[in-house]
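See structure below.
The values are calculated or read from the model by the stated rules, or taken from the named source; none is laboratory data. Here the structure is a predicted model, which means the values were calculated and not measured. Don't worry about glycine lacking a Cβ; one is built from the backbone with ideal geometry, like all the others, and counts go over all protein chains shown. The accessibility values were calculated without ligands, DNA or RNA, using every heavy atom of the protein model including side chains. Shrake-Rupley method; radii C 1.70, N 1.55, O 1.52, S 1.80 Å.
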Amino acid sequence: MGFKHVIWFLLCGIIVGNNLSGQPLFWQSLYGGSGYDMGKQVLIKKDGTIVVAGDIYSKNKWGVDNHGPVGTSDVLIFRFATQGITFWQQTLGGSGYDEVAKLIETRDGGVAFIGNSESKDGTLSFNQGGSDVWVVKLTDKGKVEWSKSFGGKGNDRGLAILELEDGGYLIAGESASDEGDMRSMHHGGLDSWIAKLDRNGKLIWERHYGGTHNEYACGIHPLPNYRYLIVNASDSFDGDVTQNMGKKDAWIFIIDEYGKMQSQDNVGGEGIDEVHGSCMNEKGEIYVVGTTFSTRGDIPRQWGKGDCWLFKLNQEGKIVWSNVFGGRKQDGANDVYPTADGGVIFCGMSQSGFPPRNIDPEDINPDRLIDGDIILNNGYYDALIVKVNAFGMREWTRNFGLEGRDSFHGVVQTPIGGYLALGFLDQPTMGNPTPGRAAGNTTVAPRHHGGFDFWLCNIGELNQPGVKPYVTPPLLRGLVKNKETGQPVQAAISLIDNQSLATQVSANADPVDGKFDMMLPVYGLSSLKILAKGYLFYGEDLLLDTMVLKNSITREIELSPIRVGSSLILNNIYFDPGRWELLDRSRAELERLVEFLELNPKVRIQISGHTDNTGNRSQKQTLSLYRANAVRDYLISKGIAAVRLSTKGFGMLKPIASNRSRQGRRKNRRVEFSVVRM
């Protein structure tokens, strides 16, 4: 069951958090119910749509489909466009606690996530004891393709997932089990656990890594020659762990494609150092974030009771640099994402910073820090965003929130700059001044549902003032059906760049109802191509610049079955007046005709040219024949056998509209083809 999707655009400033930072909070949206609901992961798909996933504890509003009793969680995941369109929404889980940890887009356009589950009903078929590792694959339509759980009698959690070149998956997490699915040698306490799955979620191999104490694996990154770098935390100093620098370290090791450890190293200091997220950029550089309580070793300094920790690794798992960010209280980082300028953005939560009432207004500016790296604190814990360059130096730090416990758990950069950050926002006290603003301002977060809500924010960029709010590209919603029977047609739909003829976006009409959704690029001249075996094709030129501000574009397309005598006007064939040479912008339509003939190899066609009734009748008939011949010659140049093609020029003999109007004469000037044999 869906719930109304609302995006609150805030183009003139920030409705929560400080508005003195130079980074507008372009828009925000809240999802949840009366319970404590936490957004965990956000991604922008290749088509520009957004997928959000998190743990939903509520039983009402966005949690109305929660499978468990009050106090237990399901995974809420949905895909939407900023225009307010929700493509699909799923509430997955059973009667126990079910959680999501990591979400990825898969090569087939779907998504997959990993987490943990205590359920053996609902979406789950069984549970081996305590909490099991849980992996779910969904199609691009949001349907569950498969759902698998792995575990033993102990508590096991999934924390990371990577799709492999062969279509399978490498998954990672922590395991307290040594039986069930987890029969490899267990070292004690919690071990890091890594497994290989095939494309259908079947377990291929699994392995424990660790010592007598506790480990967990939360990041997997591909390296050359089918090797993988695994990001872990460890407080052991025996077993697989060869050293420990303090109470808990970041533990980095590299495995081959079968899970055999090749090398390892520890990063940290004398205290407790935890890792929570990691990313790899296009250069293969790896960044890891977490929380540190150390002051020595690889930790350059300490600001307070706990700091955000960011360090960079090379592809051999060796530390390049390490830095900490925070203030005098507790701060921590949850997720990190590579940015287009070679740096990274990371998110988390912060208790540091002074409330605005304790600060002289003259001291509040982006260049004058108040408490370490933290400028302001709006309440108890704030959601935190920090931008760092490629050398580990802070570019800016901003926090957002109200008077309660607020946090960001996931962050991505948008294709146009700026960022999407997802976490949770505590229920505000209605009527109180919004922290970060002058007293007397009674603005509060819009439509908070209660408890904690999923909180999705589009945040601007301090160093790029021209960055605009992220808006999902326009949506083409279509229906393909048989012109004669009205029944749905399973057709292939492509959007083609008219200049390069490259496919920009593709989709398939649903075989049940013939419907399809396609996100359009924002700019340029493109053409829509719809092909189905046994049918005439459809083509249409689209000037996308004129559609960027539209929420959605609809097309109901009727395809005619191929019959001897059936015909189709080539509406997107262009000539200069009085000339027969094909103009370059005709190529997209011509390529559609080539593909149609290749898809239906027994079809033979007659290509006919037509004109309006102005001018010399004989010259117009000759011109129409030459234009038909130009189309035939193009088809032959693309490998279509000449025996399948004939031409005829009708001149002004077969009008399809009145020649009395300019519009009618334009319609009569055409090239079409008809099926003569099949």
Checklist outcome for this item: Interchain or sequence-distant (5+) residues whose placed amide H lies within less than 5 Å of the amide H of L376 are N399
Item to check | Carbon plus sulfur fraction of accessible area for the chain, probe 1.4 Å, in percent | outcome: 49
Item to check | Summed side-chain charge close to F26 - residues other than F26 whose Cβ falls under 15 Å, Lys, Arg +1, Asp, Glu -1 | outcome: +1
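Could you state the accessible area per residue of the chain in Å², with a 1.4 Å probe and every protein chain left in place? It would help to have the intermediate numbers written out before the result.
Values: 27710 Å² over 678 residues.
I get 41 Å² per residue for the chain.
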Checklist outcome for this item: GluC sites (Glu not before Pro) in the range 182-267 lying in a DSSP loop, each with at most 15 other Cβ atoms within 10 Å of its Cβ, come to E257
Checklist entry - Once Rh for the range 96-240 is found with the Kirkwood sum over Cα pairs, what is the Stokes-Einstein diffusion coefficient at 37 °C and 0.692 mPa s, in µm²/s? => result 218
Item to check | Rg [Å, one decimal], Dmax [Å, integer] - the range 42-95, C-alpha atoms | outcome: 12.1, 37
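Return the calculated 222 nm mean residue ellipticity for the chain, to the nearest 500 deg cm²/dmol, obtained by summing -39500 (n - 2.57) across DSSP H runs with n ≥ 4 and dividing by the residue count.
-2000 deg cm²/dmol
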Checklist outcome for this item: For Cα extents along the principal axes in Å, with candidates (i) 100, 74, 43; (ii) 111, 65, 58; (iii) 94, 62, 48, the value calculated from the shown model is option (iii)
Checklist entry - How much accessible surface area, in Å² rounded to 10, belongs to the heavy atoms of S34 with a 1.4 Å probe? => result 70
Checklist outcome for this item: Of all GluC sites (Glu not before Pro) in the range 471-571, the ones in DSSP coil with at most 13 other Cβ atoms within 10 Å are E484
Item to check | Charge context of G418, other residues only, Cβ under 15 angstrom, K/R +1, D/E -1 | outcome: 0
Item to check | Cross-link reach list, lysines versus K260, counting only Cα pairs under 27 Å and skipping chain neighbours closer than eight places | outcome: K102, K137, K148, K153, K196, K202, K247, K248, K283, K312, K318
Item to check | C-alpha long axis of helix 587-599 to longest principal axis of the chain, angle in ° | outcome: 90
Item to check | Pairwise centroid distance, computed over Cα atoms, of the range 222-267 with the range 586-609, Å | outcome: 58
Next on the checklist: Using only the heavy atoms of the protein chains and a 1.4 Å probe, how would R627, R107 rank by accessible area, largest first?
Outcome noted: R107, R627
Next on the checklist: For the range 236-268, which chymotrypsin sites (Phe, Trp or Tyr not before Pro) pass both filters: DSSP loop (anything but H, G, I, E, B) and at most 12 other C-beta atoms within 10 Å?
Outcome noted: Y258
Checklist entry - Going by alpha carbons, how many degrees (0 to 90, nearest 10) lie between the helix axis of 617-637 and the longest principal axis of the chain? => result 40
